[in-house]
Amino acid sequence: MRTVCSAAGAAVRWSLFIAIAVMLTAIAYQVVMRYVFGRAPSWTEELAILMFAWSTLGGFALGVREGFHVRLTIILDRLPPRSRQIAERILDLFALLVGAYLLWSGWRYVDVTAGSTSAAIAYPIELLHGMAPIAGALIVLFAAERFWNPSPVRENQEPAA
């Protein structure tokens, strides 16, 4: 499972780099075209939205794998190591459930909107909406990895100056 998760994590990381680069390039091109030439192409905004959607959802999945997702640790930091490990596993299970819900509801949404196309580029809208179930599946995979192979919990240390 660790090998599959490592490969999936690396693929997500690289896809995020590419998506962010494409998004920034599209936005920069749109700004130049609008303010220098007075004519902004419509496809740049749609491409940026597509890349932003993946950056957000893929980043959420990668955050679950690498443990940098948004969370408050004020309570966890005060727990003894064994209690903290149990709490971390409960949080991993919760992340797995959120991922499963995203997978299920995203799949239903893709099914409802199937056959539609985007306005400017005319790509199948399933490409945009399909990112939710893909991210959900990745979150389930990564949360399961963290749940079954928890990292050791160390006592909190002050950061080095």
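Tally Lys/Arg at +1 and Asp/Glu at -1 over every other residue whose Cβ is under 14 Å from the Cβ of A7; what's the total? Don't skip to the answer; put the middle values down first.
Working: positive: R2, R13, R65; negative: E145.
In short, +2.
What FRET efficiency do you get for A114 and Y29 if R0 is 22 Å and r is their Cβ-Cβ distance, rounded to the nearest 0.05?
E(calc), rounded to 0.05, equals 0.10.
Report the chymotrypsin sites (Phe, Trp or Tyr not before Pro) located in the stretch 1-92 that are in a DSSP loop and have at most 13 other Cβ atoms inside 10 Å of their Cβ, or state none.
Counting only loop positions with at most 13 other Cβ atoms within 10 Å, the chymotrypsin sites (Phe, Trp or Tyr not before Pro) in the stretch 1-92 are F37, F68.
Going by Cα centres, the stretch 66-119 and the stretch 128-145 are how many Å apart?
Distance between centres, Cα-based: 9 Å.
Assuming R0 = 35 Å, what is the FRET efficiency of T73 and A100, from their Cβ-Cβ distance, to the nearest 0.05? Don't jump to the answer; show the numbers that get you there.
Details: r = 24 Å, r/R0 = 0.68.
About 0.90, to the nearest 0.05.
Mind listing the phi-derived Karplus ³J(HN,Hα) values for the stretch 46-60, rounded to whole Hz, using 6.51, -1.76 and 1.60 with θ = phi - 60°, and x for any glycine or proline?
So the J values, rounded to whole Hz, are 5, 5, 5, 5, 4, 5, 5, 4, 5, 4, 6, 6, x, x, 4.
Kirkwood-based Rg over Rh for the stretch 25-161 (C-alpha set), two decimals?
Reported Rg/Rh, Kirkwood definition of Rh: 1.15.
Could you sort 106-114, 70-78 so that the peptide with the highest average Cβ count within 10 Å comes first and the rest follow in order?
So the peptides 106-114, 70-78, ranked by packing, come out 106-114, 70-78.
None of the figures in this text is laboratory data; all of them are computed from the coordinates on show. Remember, it's a predicted structure, so these values are computed and weren't measured experimentally. Every residue, glycine as well, gets a Cβ built from its backbone with ideal geometry; the counts of neighbours run over all protein chains shown.
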